[in-house]
Amino acid sequence: SSKAPGLFSVIQKLKGTTEQELQIVLLGLDNAGKTTLLRKLASEDVSTITPTQGFNIKSVASNGMKLNVWDIGGQRKIRTFWKKYLEDTDVLIYVIDSADKKRLEETGQELSDLIDEENLKGVPVLIFANKQDLVAAAPASEIAEGLNLHTYRDRQWQIQACSALSGEGVQVSVN
Amino acid sequence: MAEDSEWIVESIAGYLGSPDWVMPVSEFIEHKCSVFDDEEENKLSYTEIHQQYKEMVETLLDNYMKEVGISEEQFLQACSSPLVRSKTLQNMIQPVMAADDFDIFKSLMIQKNIELQLQALRVIQEQNGSLPDCLTDGLDMMSELEQQELRILKEVLKRSKEEYDQELAKKNCYGEEAGSASNSSKDRMRPASVCQQEVNLKKQLDKEMQPIQKINSSLKPVDKGPAVCTSKTKETEKSNPSNDTVPSGRSKCSNNKVLAPVRVPVKGSEPFPEPKEKSSLEAAEAWLEEARKEAGISRPLTDLTASQMEQLQQRAEYLKQQRDRLLAMKKDQKPKETTESLPLTETKQEMSEEERKKIEKRKHLAEKLKQEVIKK
């Protein structure tokens, strides 16, 4: 926009924050485990989580950085709102239910649509192959193949197996 | 350079206190706050509203900077000046920060929403002398609850007074001992002034107890639970001097005061509660909680009949209507306000102890209200 472009960096200055902040958005289909992951990242209770109708925000300190993590609901009717939350995103975390093989194609399509978004141009993607605690869970390599991750050449990406429920593998390794 | 940023800071502060800024911002907040509630999960609609707010703030600040001839560079320099660290300015800056910080924005909106609900209730009462039928049940229920709370509070105060007396006696005793045991103890008899302070404190405590005792004696015994009756409201209100949902003495001026754009304290960053006060408050809350358990009072409003639910619904609707009317009224009043200069932040800063308590009480009420109105 033509309006004061640096204005909000000025406001940042007002806050007096010297530490580095990262804007992270958590996306993925409904029931992928985004809110569970978010809560786990914030070391909160994950026993009573209901489907997200809107969005949740948490700030997490990690390696001297402040991660502002936004978790947006994944139900089909909410997905159309995703693009409103992509501005200024530093990292996209995409969560997948590794046991939901029926919807692997659907989640792959949503991801590739996201990748094409102007606001996410060049933004690194971290994919969590979640629910590895389930017997039916596919390994991360299989998910990577199903998502055609090898075709994503315009950005950094990484896939990580995890269980948000148990907390295994959820340490966000953001460089 | 330093003087340079000084006038800029002053200019910014002046602008953030002027109607040019205050009016559009408070109007925006008042009109858009009704969907904001205090749930952890955010509604999608919040984002749209925040975006609109952001654009408005951006435009306002941009126009201001152009008008005054401040570059962003200067703005930035001024903002890193130590002058900005003052509390007054920090408070004024909150609505600016809200443009960039969703959390601040959300709490501004929630606070305003609750404030408006309470104001609507108050206006209804001022206009009608009493609340219309669809609202009396709730008020009655509320006053019932308040009576319960008062009883509990009385008990808490009594016990804390006893404890205090014991403590005092112990200290006195110890003081005398120490005094007679001469040099051995570090903790000698304390100077007279301290003792005097204690006496004063005690007197104050006694004084604080008085109105509660009065209230209590004026109350009829109440049965537990959210009993619904309509006849009691008026008389309890008349005979209850400290029922300050409607501060009757200042109803006229309170109207004005209420309608002024209120700087909304943001949760967490609120400057006023002194740490000491807070801890005693927390203690009191713990007491209350315990007393409540002891008294076996279950959470109110958990089991309402269908008709009661319907009445609640009715009340919520009525409240909303009044709220909208209130907003319209405010709009009419605003142009008048601009003629007076607004020493708003100043008065807000020097809030008296009494006002703080009032606000605390209001917040408490707001909580209850929310339970009744928002949660169905």
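If you take every residue apart from A:L104 with its C-beta less than 13 Å away from the C-beta of A:L104, what net charge results, scoring Lys and Arg +1 and Asp and Glu -1? Could you put the intermediate results ahead of the total?
Working: positive: A:K101, A:K102, A:R103, A:K131; negative: A:D97, A:D100, A:E105, A:E106, A:E110, A:E142, A:E145.
Computed value for this residue: -3.
Between region A:39-75 and region B:44-107, how far is it from one alpha carbon centroid to the other, in angstrom?
26 Å
Could you tell me the calculated FRET efficiency between A:S166 and A:K84, based on Cβ-Cβ distance and R0 = 30 angstrom, to the nearest 0.05?
Numbers: r = 32 Å, r/R0 = 1.08.
E between A:S166 and A:K84, to the nearest 0.05, is 0.40.
Considering the options A:L147, A:S47, A:G122, tell which one lies farthest towards the positive end of the dipole of region A:20-161, charges being +1 on Lys and Arg and -1 on Asp and Glu at the Cβ, about the Cα centre.
Checked the options; the winner is A:S47.
I'd like the FRET efficiency for A:T151 and B:S34, computed as 1/(1 + (r/R0)^6) with the beta carbon distance as r and R0 of 51 Å, rounded to 0.05. Let's see the in-between values first.
Values: r = 47 Å, r/R0 = 0.92.
FRET efficiency, A:T151 to B:S34: 0.65.
Under a crude label model (7 Å from the Cα following the beta-carbon direction), how far is B:D324 from B:E155 in nanometres?
It is 4.4 nm.
What is the extension gain from B:E163 to B:M56, computed as 0.36 nm multiplied by their sequence separation minus the C-alpha to C-alpha distance, in nm to one decimal? Each step should come with its number before you reach the end.
Working: separation 107, 0.36 × 107 = 38.52 nm, distance 5.49 nm.
Contour length minus Cα-Cα distance gives 33.0 nm.
Note the full-extension length gain between B:E27 and B:E6 as 0.36 nm times their separation in residues minus their Cα-Cα distance, in nm to one decimal.
Values: separation 21, 0.36 × 21 = 7.56 nm, distance 2.98 nm.
Contour length minus Cα-Cα distance gives 4.6 nm.
Once you list every other residue whose beta carbon is under 12 Å from the beta carbon of A:D116, what net charge do they have if Lys and Arg are +1 and Asp and Glu are -1? Mind showing how you got there, number by number?
Details: positive: A:K83, A:K121, A:R155; negative: A:E110, A:D113, A:E117, A:E118, A:D154.
Result for the neighbourhood of A:D116: -2.
With an 8 Å Cα cut-off and a minimum separation of 6 or more residues, compute the relative contact order for region A:20-161 in percent.
Numbers: 254 pairs, mean separation 36.7, N = 142.
Once normalised by length, the contact order is 26 percent.
Mind checking B:38-44 for the average number of partner chain beta-carbons within 10 Å of each residue's beta-carbon? Before the final figure, lay out each step's value.
Values: counts 0, 1, 3, 10, 9, 3, 11.
Mean inter-chain Cβ contacts per residue within 10 Å come to 5.
Would you please put A:145-158, A:82-95, B:94-107 in order of how densely packed they are, using the mean number of other Cβ atoms within 10 angstrom per residue and starting with the highest?
Order by mean packing, descending: B:94-107, A:82-95, A:145-158.
Decide, for region A:20-175, between rounded, prolate and oblate: order the square roots of the alpha carbon gyration tensor eigenvalues as a ≥ b ≥ c, take rounded if a/c falls under 1.5, and otherwise choose prolate if a/b is larger than b/c, else oblate.
On the way: a/c = 1.24, a/b = 1.03, b/c = 1.20.
Rounded is the answer for region A:20-175, as its axis ratio a/c remains below 1.5.
Here, each number is a calculation from the coordinates, and none is a lab measurement. Note that the structure is predicted; figures quoted are calculated from it, not measured. Here Cβ is always computed from backbone atoms with ideal geometry, including for glycine, and neighbour counts include all displayed protein chains.
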